[in-house]
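These notes concern the structure reproduced below.
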Amino acid sequence: MSLSSTLYAKAQSIIPGGVNSPIRACKAVESEPLFIASAMGSKLYDVDGRQYVDYVMSWGPMLLGHANPRVHEAAKAALDAGASFGAPCPAEVDLAQKIVDLMPSIEMVRMVNSGTEATMSALRLARGFTGRDYVIKFDGCYHGHADAFLAAAGSGVEVQAAPGTPGVPAATVAHTIVLPYNNLDAVKEAFRQKGKDIAAIIVEPAPGNMGLVLPGPGYLEGLRAVCDEYGALLIFDEVITGFRWSLGGAQARYGVRPDLTTLGKIIGAGFPVGAYGGRRDVMEKLSPCGPVFQAGTLSGNPVAMAAGLANLRELEQRDYAALEKRTGELAREFADIVRSKGVPVQLNHVASAFTMYFTEQPVNDMAAARTSNGKIYTAIYKQMREQGVYLASLAYECTFTSFAHSEADYELTLNAARNLKF
Ligand SMILES: *Cc1c(COP(=O)(O)O)cnc(C)c1O
């Protein structure tokens, strides 16, 4: 038995499902998780000594690659000065300034410890600022696991959402409206019905949690206009897109200015960091300068702040356009190889992320994403992993490249793809 299997068996007896986040259990792809011993650059090394080219990159954070020396030096130096103070530290100010400089719409920013905390807090702030309760989210967008976002879509342009998991009271999602992504008419209709009670729209500007889906022409601009018309706030959840679509995130790339932005993943370079920020008049409603409460014992942690700052400084030196071009080439070649074996493939790509869907129809929303053949993805996942290529353990995820991926990695990946059998 492999060491991974032994650990998994033990883990299942003391950790629910053997994992601390469900997707890691690899159930959707009918596999067991690999336990990872270490990571370096574009590679993961499992506890059985096998090497993998990593296209998960910790679900997005490791845009520079694993164990970047600059990031690690900064984190180690910070750690030697103390792990946590529960008081302000200089690195918080430096990272906040860097974020304000990079993200077009962020005038003030508050640090938290995860993407979930960022979105949950941004929603509370939007509700506190507007004095309204309703929030619009989109089917297939993921905003972390706070109760208000764990809502399942009603049928059609239904306004009332149902709890998305046991443990969420119906009352908690009673003010959550779930609509299809990329459908501006549905948003306008919801605002016609409930406009003066809607605090905010929260949206992944280019969703990365139904696989990768791109906003249609005018869609984000349309959301902005509707929010302006009704006095609601537009929240861009840039937990994936922030610092990956461009240094200024999706908002810089698409030229649409949200009122609030949530950040996570890349911002901490692998450490548990999230942040939310935006318009000064909105952010100043936060305690202690305003009435809306939000707090965190470990928020602004000095080690995480130092790592995050080193990460962003290093990213500023990198060639995003070159990575995007190379990622696009890889994605197209990969898709062509799969197509050549008789499988229909829809490819969505932007920046250093792509998703293949195994369906005949273009994928612009969750309903289309659901038509993708999951069995094909499972076959690809298993056979690629067997050949040393580590893909996401769920079809509805992005495949991420990084600045650490090499030509040799891409070659190994495409060769493995050529061996796929369906
Ligand atoms: C991952 C993710 C979150 C949640 O972040 P966590 O750090 O896992 O809590 C929120 N929004 C989006 C868009 C994400 O991809």
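The table below lists the values:
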{"item": "Lysine pairs within the stretch 69-315, Cα separation less than 19 Å, 8 or more sequence positions apart or different chains", "result": "5"}
{"item": "Largest-first ordering by accessible area, 1.4 Å probe, given options Cys289, Cys398", "result": "Cys289, Cys398"}
{"item": "Check: the chain dipole with +1 on Lys, Arg Cβ and -1 on Asp, Glu Cβ, in debye", "result": "400"}
{"item": "The stretch 267-422: C-alpha gyration tensor shape, a/c 1.5 cut-off, then a/b vs b/c", "result": "prolate"}
{"item": "About the Cα centre, charge dipole magnitude for the stretch 69-315 (Lys/Arg +1, Asp/Glu -1 at Cβ), debye", "result": "100"}
{"item": "Net charge over other residues, Cβ less than 13 angstrom from the Cβ of Leu247 (K, R count +1; D, E count -1)", "result": "-1"}
{"item": "Per residue value of the accessible surface for the stretch 69-315 (all protein chains in place, 1.4 Å probe), Å²", "result": "38"}
{"item": "Reciprocal of mean inverse Cα separation for the chain (Kirkwood radius, Å)", "result": "22.1"}
{"item": "Charge-dipole axis of the chain as Lys and Arg at +1 and Asp and Glu at -1 on Cβ define it, positive-most pick from Ile14, Ala77, Cys289", "result": "Ile14"}
{"item": "The chain - share of DSSP beta bridges that are antiparallel (%, nearest 5)", "result": "60"}
{"item": "Carbon plus sulfur fraction of accessible area for the chain, probe 1.4 Å, in percent", "result": "53"}
{"item": "Spatially proximal aspartates and glutamates relative to Lys10 (Cα-Cα < 14 Å; intrachain offsets below 8 disregarded)", "result": "Glu32"}
{"item": "Net charge dipole size for the stretch 46-127 [Lys, Arg +1 and Asp, Glu -1 on Cβ; Debye, nearest 20]", "result": "260"}
{"item": "With all protein chains modelled, accessible area of Cys227 [1.4 Å, Å²]", "result": "0"}
{"item": "Most positive-pole-ward Cα, Thr371, Ser2, Gly242, against dipole of the chain from beta carbon charges", "result": "Ser2"}
{"item": "Residues whose placed amide H lies under 5 Å from that of Asp237, excluding near-sequence neighbours", "result": "Val203, Glu204, Thr262"}
{"item": "Antiparallel DSSP beta bridges within the stretch 69-315, as percent of all bridges there, nearest 5", "result": "40"}
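The values are calculated or read from the model by the stated rules, or taken from the named source; none is laboratory data. The structure presented is a predicted model; accordingly, all values stated were derived computationally and were not measured. Using ideal geometry, Cβ is built from the backbone for each residue, glycine included, and neighbour counts are taken over all protein chains shown. Each accessible area value is taken on the protein alone, full model and side chains, heavy atoms only, with ligands, DNA and RNA left out. Shrake-Rupley method; radii C 1.70, N 1.55, O 1.52, S 1.80 Å.
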